[in-house]
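The structure under discussion appears below in the form of structure tokens.
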Amino acid sequence: MSYLAQRLLHGAGVVLGVSVIVFGLTWLRGDPTSVLVPLNTPPAEMERLRHDLGLDRPLPVQYVEFLGRAIKGDFGLSLRQRQPALPLVLERLPATLFLVSSALLFALVVGIPLGMLAATFHGGPPDLLARLAALLGQSLAAPWVGLMLILIFAVRLRWLPSSGLDQPTGVVLPAIVAGLYPAAGLVRLLRTGMLEVLSADYIRAARAKGLPERVVLFKHALRNAALPTLTFIGVQLGFLFGNSVVAEAIFAYPGMGRLAVDAIGARDLPLIQAFVALAAIVVVLASLLVDSLYVWLDPRVRLA
Amino acid sequence: MSTARASRRASSSSTPARRQRRGRLGREPAVAVGLLAAILLAALLAPLLAPYDPLAQDLARRLEPPGGRYLLGSDSLGRDILSRLLFGARTSLLVGVLAVAASSIVGSVLGVTAGYFGGWWDALIMRVVDTWQAVPYLVLALAISVVLGPGLETLIVVLALGTWMTFARVLRGETLSVRASNMVLSARVVGATDRRIMLRHVLPQLSGSLAVLSSLMIGSTILFEASLSFLGLGIQRPMPSWGNMLLDGVEVLDTAWWVTVFPGLAVLLASLAVNMLGDWLRDALDPRR
């Protein structure tokens, strides 16, 4: 079986597993009816509802029914908006994808040069500075970063909007909040990777035959150090997605994370279930994309 | 979140270049330990150190800037920010430590048994880990908090659920290599039970990774607590936590910066301290050095 077919099968398995988690959410408190109805509902009413919803049947039966409906995109009605939950979330997906990819772009644009710089000037001031920046980036609370960015760039300097997505520039500050932690990780990873590669024999050979340092760094070293970076991005996707929820909440960004946060107060479980499922599917699809990039970039994977 | 980073840091390989690579930050555990000790002490002694009751409101003295009657200023209900930070440290650290304790136990049991027994058990555990990692952590945390209702217990459960698979994944990998060692083979030859081999021969070998991962994970949970409490899913007001203090600052961000700035700095210092400690521990405990 080819590598990609294997990954595809694995992805399908993961999505099936996620469906168990999403189904399990309703049963987390023992009795899902208590989540679905207002407080102080009379017991008789609860009993009737339980029967109507099929909640008195065996769990596996309920799961299979849930799965059947979920595959058709039916997660039930949003409790708050009284509309099918999935379309409500799907409607917000493009905005979230825009934010997540901007955050990824930010992480790459900041992380790669800083990591390279640190490795090239290993032990020097740029190295120390990059390492300090990475350590800071991994120790800052996302909501705080967001609030400080608003304070500086929106309130004081008035350079960028503090909320919404009326102009495309509205994505800048949220993207920094969501991308900061992965950027810091990327600096560390690329620095270590480059240092490892730079001490390899083929780099010494490239230098010995008189190649310009620029060619050695970018053509020989970076290409090889870039592969772990790709893996890293694959693993960080979920995290990027998670942090975008915080970013969307801070900046009133019209994505699906904001929709879910707004649903917290109403305990709108169908909407949140649709959100969890969709988020996981997006992450699985994105990691499949990363896997196929791997095949394209690294002939060893293709031929193995 | 930090799964990739932590696993990489915990099991990174040793090369000669690596030795020189340890930068100044890595060689200075004193800074990290000192900082951490100060934060722990401040949390423990909060009732003695706090100048005011962290819950006492004084509406006549709302939003007073730092430096006057209140060292770090007061918030929009006239509560002393310094006192709230000190008591908030208790909540934030307690939550972090308990969550990591729970997740490290669950994660090591699953990871070590998966690596040791292999076969279908290993395959099952690893598929569960994969599935769990596909759901963005904050998304899952949000969903679980909504179902269980927010609060201290929920927060600990949710944080543990978000970190156990990092322990499982790393410790499984390390168990695989320890299992093949002569030491484990000889123990098996003399008839030691699986249980005994895992507890007495495998687990002690993993204590270094466990320590490194735990400290890094405490750093992550402090950040997560801030995010979740900020979304209203963590510690409920009025009980102070660093995360919900950030939330208190939102409405007055443009007029009273100190309400937001100080809790964020507290999170930064605490997570900086554990991250530095984790980095240093990793280097110091690496037996290959």
Problem set entry | Flag for B:A141 being away from chain A (no Cβ under 13 Å), within 28 Å of A:G238 (Cα to Cα) and within 16 Å of the chain's Cα centre (by Cα) | no
Seminar exercise, completed: When restricted to A:A274, A:A260, A:A280, A:A266, the only residue within 8 Å of chain B (Cβ to nearest Cβ), closer than 30 Å to A:K72 by Cβ and touching a Leu at 6+ places or on another chain (Cβ under 8 Å) is A:A260
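If you check B:V212, B:V189, B:V147, B:V184, which single one turns out to be free of Cβ contacts under 8 Å to residues at least 40 places away in the same chain and under 29 Å from B:A284 (Cα atoms)?
On the way: B:V212 fails: free of Cβ contacts under 8 Å to residues at least 40 places away in the same chain; B:V189 fails: under 29 Å from B:A284 (Cα atoms); B:V147 fails: under 29 Å from B:A284 (Cα atoms).
Just a single option satisfies the conditions, and that option is B:V184.
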Exercise. Out of (1) among the basic types (K, R); (2) within 24 Å of A:F106 (Cβ to Cβ); (3) over 21 Å from the mean Cα position of the chain (by Cα), the odd one out for A:R214 is which?
Worked result: (2)
Problem set entry | Contacts under 8 angstrom Cβ, first residue in the range A:120-140 being without any contact (Cβ under 8 Å) to a residue 12 or more places away in the chain, partner surrounded by fewer than 21 Cβ atoms within 10 Å (Cβ to Cβ) and of a type in the set (V, I, T), 6 or more apart | A:P126/A:T120
Problem set entry | Single residue of B:G149, B:G162, B:G243 found to be within 12 Å of another protein chain (Cβ to nearest Cβ) and under 29 Å from B:D80 (Cβ atoms) | B:G243
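Working only within the range B:251-275, note down all residues that are more than 7 Å from chain A (Cβ to nearest Cβ) and not small (G, A, S).
We begin by selecting, within the range B:251-275, every residue more than 7 Å from chain A (Cβ to nearest Cβ); these are B:251-252, B:255-256, B:258-259, B:261-263, B:265-266, B:269-270, B:273-274.
Of everything in the range B:251-275, those that are more than 7 Å from chain A (Cβ to nearest Cβ) and not small (G, A, S) turn out to be B:E251, B:V252, B:T255, B:W258, B:V259, B:V261, B:F262, B:P263, B:L265, B:L269, B:V274.
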For this session: Could you tell me which of the residues A:E196, A:E213 is buried (at least 20 other Cβ atoms within 10 Å of the Cβ), modelled with pLDDT under 85 and of a type in the set (D, E)?
Result: A:E196
For this session: May I ask you to verify whether B:P150 is closer than 26 Å to A:A274 by Cβ and in contact with a Phe, Trp or Tyr (Cβ under 6 Å, 6 or more places away or on another chain)?
Result: no
For this session: From B:S207, B:S215, B:S227, grab the single residue that is assigned to a helix (DSSP H, G or I) and at pLDDT 90 or above.
Result: B:S227
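For every residue, the table says whether it meets (1) charged (D, E, K, R); (2) in contact with a His (Cβ under 6 Å, 6 or more places away or on another chain); (3) part of a helix (DSSP H, G or I); (4) without any contact (Cβ under 8 Å) to a residue 24 or more places away in the chain.
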position	(1), (2), (3), (4)
A:D166	yes, no, no, yes
A:A178	no, no, yes, no
A:L186	no, no, yes, no
A:R191	yes, no, yes, no
A:V197	no, no, yes, no
A:Y202	no, no, yes, yes
For this session: Would you be able to say whether some residue in the range A:149-167 is buried (at least 21 other Cβ atoms within 10 Å of the Cβ), in contact with a Gly (Cβ under 7 Å, 6 or more places away or on another chain) and either more than 10 Å from chain B (Cβ to nearest Cβ) or within 22 Å of B:V250 (Cα to Cα) (or both)?
Result: no
Seminar exercise, completed: In the range A:66-101, residues that are assigned to a helix (DSSP H, G or I) and either out of contact with any strand residue (DSSP E or B) (no Cβ under 8 Å at 6 or more places or on another chain) or loosely packed, with under 14 Cβ neighbours inside 10 Å (or both) total 22
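Hey, among A:L230, A:L278, A:L271, A:L285, which residue is touching a helix residue (DSSP H, G or I) at 6+ places or on another chain (Cβ under 7 Å), closer than 17 Å to A:L104 by Cβ and either surrounded by fewer than 16 Cβ atoms within 10 Å (Cβ to Cβ) or touching a residue at least 40 places away in the same chain (Cβ under 8 Å) (or both)? Give the steps one after another, and end with the answer.
Numbers: A:L278 fails: closer than 17 Å to A:L104 by Cβ; A:L271 fails: closer than 17 Å to A:L104 by Cβ; A:L285 fails: touching a helix residue (DSSP H, G or I) at 6+ places or on another chain (Cβ under 7 Å).
Result: A:L230 is the single residue among A:L230, A:L278, A:L271, A:L285 that is touching a helix residue (DSSP H, G or I) at 6+ places or on another chain (Cβ under 7 Å), closer than 17 Å to A:L104 by Cβ and either surrounded by fewer than 16 Cβ atoms within 10 Å (Cβ to Cβ) or touching a residue at least 40 places away in the same chain (Cβ under 8 Å) (or both).
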For this session: Within the range A:229-249, track down each residue that is among the β-branched types (V, I, T) and either at positive phi or more than 8 Å from chain B (Cβ to nearest Cβ) (or both).
Result: A:T229, A:I233
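Listed here are the residues, each with its yes/no results for (1) within 15 Å of B:F87 (Cα to Cα); (2) in contact with a Lys or Arg (Cβ under 7 Å, 6 or more places away or on another chain); (3) buried (at least 21 other Cβ atoms within 10 Å of the Cβ); (4) modelled with pLDDT of 85 or more.
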position: B:P240; (1), (2), (3), (4): yes, yes, yes, yes
position: B:M245; (1), (2), (3), (4): yes, yes, yes, yes
position: B:E251; (1), (2), (3), (4): no, no, no, no
position: B:T255; (1), (2), (3), (4): no, no, no, no
position: B:A266; (1), (2), (3), (4): yes, no, yes, yes
position: B:A270; (1), (2), (3), (4): yes, no, yes, yes
position: B:A284; (1), (2), (3), (4): no, no, no, no
Exercise. Is at least one residue of the range B:116-123 in a helix (DSSP H, G or I), in contact with a Phe, Trp or Tyr (Cβ under 8 Å, 6 or more places away or on another chain) and touching a residue at least 12 places away in the same chain (Cβ under 8 Å)?
Worked result: no
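The values are calculated or read from the model by the stated rules, or taken from the named source; none is laboratory data. Worth saying up front: this structure is predicted, and the values here are computed from it rather than measured. We place every Cβ from the backbone using ideal geometry, glycine too, and count neighbours over all the protein chains shown.
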